[in-house]
Amino acid sequence: MTNLSCNATTCAHNSDKCCCLSGIDVNGSTACSCDETCCGSFDNRDNAGSRNSAGSPKLNLSIKCAAHNCIYNEDSACHADHVDISGITAVNAGDTVCATFTAK
């Protein structure tokens, strides 16, 4: 399990910069930089309603990772000790990035 912090406060799953899901998906199968990644689990709070349906914040969660060119990707899972998801003004998943992405 990976420690995750997320500043995408417009996401329905975000509570106090933590994700309330038990796991997330990072997309970007051909990514060569963090700008080419995104949190595939992002769900805009305005579209989902203001209430978080996923429960309480999880400090450690599993991360499925499609960014095969990242040094932390092992068998489509993230093995970084800490992951930062950025997207402070995100409206959709494409407005987020995995700031921890580091190209091989």
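The values are calculated or read from the model by the stated rules, or taken from the named source; none is laboratory data. A quick note: this is a predicted structure, and the numbers were derived from the prediction, not measured. Virtual Cβ from ideal backbone geometry, glycine too; neighbours counted across all protein chains shown. The accessibility values were calculated without ligands, DNA or RNA, using every heavy atom of the protein model including side chains. Shrake-Rupley method; radii C 1.70, N 1.55, O 1.52, S 1.80 Å.
Just subtract the alpha-carbon distance of T30 and I88 from 0.36 nm times their residue separation and send over the number in nm, one decimal.
Contour length minus the Cα-Cα distance gives 18.5 nm.
Going Cα to Cα from K17, which aspartates and glutamates come in below 14 Å? Please leave out same-chain ones fewer than 8 positions away.
Cross-link targets: D84.
If the chain between S62 and D75 were fully stretched, how many nm would it gain, using 0.36 nm times the residue separation less the Cα-Cα distance?
Using 0.36 nm per residue and subtracting the Cα-Cα distance, I get 3.4 nm.
Give me the percent relative contact order of the chain, please, defined on Cα pairs under 8 angstrom at least 6 residues apart.
Answer for the chain is 38 percent.
Measure off, as a whole percent, the carbon and sulfur share of the 1.4 Å-probe accessible area of the chain, all protein chains present.
In the chain, the share of accessible area belonging to carbon and sulfur is 48 percent.
Per DSSP H run of n ≥ 4, the term is -39500 (n - 2.57); total these for the chain, divide by its residue number, and report the mean residue ellipticity at 222 nm rounded to 500 deg cm²/dmol.
-500 deg cm²/dmol
Explain nothing, just the number: dipole magnitude of the chain about its Cα centre with +1 on each Lys and Arg Cβ and -1 on each Asp and Glu Cβ, in debye rounded to the nearest 20.
220
With every protein chain kept in place and ligands, DNA and RNA left out, what is the accessible area per residue of the chain? Probe 1.4 Å, answer in Å².
Roughly 53 Å² per residue, with all protein chains present.
Net charge within 9 Å of T10 by Cβ-Cβ distance, Lys/Arg positive one each and Asp/Glu negative one each, not counting T10 itself?
It works out to a net charge of -1.
Once you've got the GNM for the chain with C-alpha springs shorter than 10 Å, pick whichever of I71, I63, I85 has the biggest mean-square fluctuation.
Judging by the Gaussian network model, the answer is I71.
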